[in-house]
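Each remark here refers to the structure printed beneath this line.
What follows is calculated from the coordinates using simple rules that are stated; it is not laboratory data. Here the structure is a predicted model, which is why all the values come from computation and not from measurement. Backbone-built Cβ (ideal geometry, glycine too); neighbour counts: all protein chains shown.
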Amino acid sequence: MRERLKIGIIGCGAMGQGHLQIWEQIQEAQIVAVCDEYLLSAKQTGEKLGVPHFTRVQEMLGAGILDAVDICTPSGLHGDQALLAAHANCHILCEKPLDLNIEKVDRLLSLCQQRALTLACVLQQRTTRTVQIVHDAIVSGKFGRLLSGSASVKWWRSQEYYDSSAWRGTWAYDGGVLANQAIHTLDLLCHFMGRVEEVEFAHIETASHTMEAEDNALAVLRFENGARGVVEATTCSYPDLCARVEIVGTEGSVAFDSTKVVRFGYGGQERMDTLEGNTGEVGGGRVNPMSISLQGHLLIMEDFVEAIRDKRPPLIGGEEARISLDALTKIYRKARPDLVLGL
């Protein structure tokens, strides 16, 4: 029997607790340490699991007991913590996005490549069967020439949500609606349309919440393939609406509400009957950020372990995760050239 992969959790908050539940289902991995800057959170989680707890990432890494880390902290901390882990020769699973600062991510990608370390990112919407079928149809040319793509996230967050933690809605640790709530939808748009060459127009504003970053955004994109795209994102929509992605080509089109396909066809025919498992929940996370399915997380985390064992690229590696981060960075820079993202 193979030895189980030894993993340390960084961040014991709501998302960290969700990840811990998933790791319990994965037989080839075990949590051997936890870390959180808040002593009580680290101590309670460590005692519940019967593993050592730490308040500093360097101390946990220095214990010499880890093969990998799972990073579940605020976005602005991801890059620094991942770089520490890579210098300690640990494989890295990181919640979305890899960081807010793309230069830091580029250093991380280079270091992981140099040290042959697995770097994976939790962009779980890509794991759904419907997304995979549509992506295959697009890359195989069934949609013809891509003309346009749009991503829309019109959700609601209360002021209490932003007041619940000091890091929420800050440029240093969180970013706004684009970096937090809309990053998955932006990632799907880029997954289907390709890399963003240029942001032709971008507007961000803080419209109805007391916070540093934006709660309302609009951008017009030009992709490397020449197609155009539109991104709309807000946490001001009450009542909340869905997250939607639409792709139009000369020979086909598709519309998603969350990860559920509502229209799909190419070659002059409707193709809805070809979609396996088109049961994605519409609206997960629209009001409550934790009202999401964790099935995609499970698939990514299982794949992370297998990728390390098999010495192969993970399902969503660092280079793939960088694509939507690059789009996000270009939108922010177009809207606010003076803006410094992350720490």
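The HN-Hα couplings worked out from phi for the stretch 193-210 by the Karplus form 6.51 cos²θ - 1.76 cosθ + 1.60 (θ = phi - 60°) are 9, x, 6, 7, 7, 8, 9, 7, 8, 8, 9, 10, 7, 9, 8, 9, 10, 8 Hz, whole numbers, x standing for Gly and Pro. Over all distinct Cα-Cα pairs of the stretch 218-274, the Kirkwood formula returns a hydrodynamic radius of 13.2 Å. Between the amide H of G249 and those of L147, distances stay under 5 Å, these residues lying 5 or more places away or on another chain, with hydrogens modeled in the peptide plane. Where both bridge residues fall in the chain, DSSP classifies roughly 60% of the beta bridges as antiparallel. Along each principal axis, taking the top coordinate minus the bottom one, the Cα set of the stretch 78-132 gives 37, 22, 14 Å in descending order. The calculated FRET efficiency for L218 paired with D136, based on their beta-carbon distance and R0 = 25 Å, is about 0.25.
Close amide H pairs (under 5 Å, H built 1.01 Å from N) link F54 with V34, C35, D36, residues at least 5 positions away or on another chain.
How big, in percent, is the set of alpha carbon pairs in the stretch 152-269 lying more than 17 Å apart? Percentage above 17 Å: 59. Between amide H atoms placed 1.01 Å from N, distances below 5 Å from K96 occur with V122, all of them 5 or more places distant or on a separate chain.
Near G277: Cβ cut-off under 11 Å, other residues only, Lys/Arg at +1 and Asp/Glu at -1. The net charge is +1. With a Förster radius of 25 Å applied to the beta-carbon distance between R145 and R195, the computed FRET efficiency rounds to 0.90. Between Q30 and Q159, the simple spin-label model (points 7 angstrom out along Cα→Cβ) gives 5.0 nm.
Along the stretch 26-40 the Karplus relation, 6.51 cos²θ - 1.76 cosθ + 1.60 evaluated at θ = phi - 60°, assigns HN-Hα couplings of 9, 5, 8, 9, 8, 7, 10, 6, 9, 9, 8, 5, 8, 4, 4 Hz to successive residues, with x for each Gly and Pro.
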